[in-house]
1. Take the range 112-125 and flag every residue that is in contact (Cβ under 8 Å) with a residue 60 or more places away in the chain and more than 14 Å from ALA168 (Cα to Cα).
2. I need the full set of residues from the range 176-211 which are in a helix (DSSP H, G or I), farther than 22 Å from PHE150 by Cβ and either of a type in the set (Val, Ile, Thr) or free of Cβ contacts under 8 Å to residues at least 24 places away in the same chain (or both), in order please.
3. Out of the residues in the range 141-151 meeting the condition of being surrounded by fewer than 17 Cβ atoms within 10 Å (Cβ to Cβ) and within 18 Å of TYR251 (Cα to Cα), tell me which one is modelled with the highest pLDDT.
4. If we keep just the residues of the range 135-175 that are β-branched (Val, Ile, Thr) and touching a residue at least 24 places away in the same chain (Cβ under 8 Å), which is nearest to PRO295 (Cα to Cα)?
5. Cβ-Cβ distance below 8 Å, separation of 6 or more or different chains: which pairs start in the range 320-341 with a residue that is touching a residue at least 12 places away in the same chain (Cβ under 8 Å) and surrounded by 14 or more Cβ atoms within 10 Å (Cβ to Cβ) and end on one that is of a type in the set (S, T, N, Q) and in a helix (DSSP H, G or I)?
6. Can you give me the number of residues within the range 283-298 that are surrounded by 15 or more Cβ atoms within 10 Å (Cβ to Cβ), farther than 30 Å from GLN246 by Cβ and at pLDDT below 95?
7. Under 19 Å from the mean Cα position of the chain (by Cα) and of a type outside the set (Gly, Ala, Ser), is that true of PHE180?
8. Have a look at ASP75, ASP95 and point out the one that is more than 25 Å from GLN127 (Cβ to Cβ) and of a type in the set (D, E, K, R).
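The values are calculated or read from the model by the stated rules, or taken from the named source; none is laboratory data. All values reported here derive from a predicted model rather than from experimental measurement. FYI the Cβ positions are ideal-geometry reconstructions off the backbone, even for glycines, and counts take in every protein chain you see.
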Amino acid sequence: MQQPLRIIVTGGAGFIGSAVIRYLIEHTDAQVCNVDKLTYAGNLDSLLTVSNSPRYHFAQHDIGDVEAMRHVMADFRPNAIMHLAAESHVDRSIDGPKPFIDTNIVGTYHLLEVTRAYWNSLEATQQAQFRFHHISTDEVYGSLGETGLFTETTAYQPNSPYSASKAASDHLVRAWHHTFKLPVVTTNCSNNYGPYQFPEKLIPLMILNGLAGKPLPIYGRGENIRDWLFVDDHARALYCVLTQGQLGETYNIGGHNEKTNLQVVHALCDILDELLPNSPHRPHRQLIHYVTDRPGHDLRYAIDASKIQRELGWKPQETFETGLRKTVQWYLTHQEWWQRIQNGSYQGQRLGML
């Protein structure tokens, strides 16, 4: 793509979206417009390090608000859209699927239609530069057995309301490319972790519970396996795909870090033991508490990320060990960030129970 980039990032106040915006402001010369509805998981505090940049702009809108999104397009005049806005927490989709259908499917449809109208209004040279980058998840592929990896040609077999809604949005984006020629690229990533993650996810929940001496709840026997991707590595990959990816192609992004949930929690406990030698809760492994498994819990996800490395030259910089240590250290030194969340709508309670 030709510079300068003018990028709308939907869901830019979320965990991955904020990492993308921080990367864009700190490492590129792009103009960035963050469009976020600011639901419970949207947090503008995650953007404080870049919010004063003259290249950063914020618009509080729902992607399903057609008129609002038309105005944003007309005012900002983007030549790229990175679509991350989504309801993303599996347990919440079990408690109440409707917001996932409304945002991930219907919202994506409205965004595609507004984008298509805007793109059709551009001159031919501007149309050729434009990109719509849809960011999705490996959960659309379903559950793996003990062997094998998800590739870009793996058949979709989503098993939760969340993953089904993301699969539907992937199919919409593909259809708008093939039917209407909208210039799109799609990425499917493995489990992200790192700074600024909302604390109902496994890694931040375990860190904060460990700090407080609360039980560390592990579903089942902790045997479920995920491939872990450090969020800053993901942000780099997304920019790489946006600027270098082939139109109509899908790229899987993974961290090459398969771990059982129990291995993850053990590693976190050991880091807490080391970094907090005076903690009254040492050894933190004694806090582990096994709980009833999540309904329909997929056994294993693992991504083959060879395509993006082979074709675009991206590979993760962080190992799981280095990334996890950075993550724990960040939560230890940014207490004010997560305390504001815990003082609000989420205090670490279990979700996703039938």
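1. Selection gives THR115, ARG116, TRP119.
2. Within the range 176-211, THR179, ILE207 qualify.
3. THR151
4. Taking the candidates together, the pick is VAL140.
5. TRP337/SER46
6. In the first step, residues of the range 283-298 are kept if they are surrounded by 15 or more Cβ atoms within 10 Å (Cβ to Cβ); the result is 284-285, 287-288, 294, 297-298.
Adding the requirement that they be farther than 30 Å from GLN246 by Cβ leaves 284-285, 287-288, 294, 297.
Imposing the further condition that a residue be at pLDDT below 95 reduces the set to 294, 297.
Total satisfying the criteria: 2.
7. Working: under 19 Å from the mean Cα position of the chain (by Cα): no; of a type outside the set (Gly, Ala, Ser): yes.
Against the criterion (under 19 Å from the mean Cα position of the chain (by Cα) and of a type outside the set (Gly, Ala, Ser)), PHE180 does not qualify.
8. So the residue among ASP75, ASP95 that is more than 25 Å from GLN127 (Cβ to Cβ) and of a type in the set (D, E, K, R) is ASP95.
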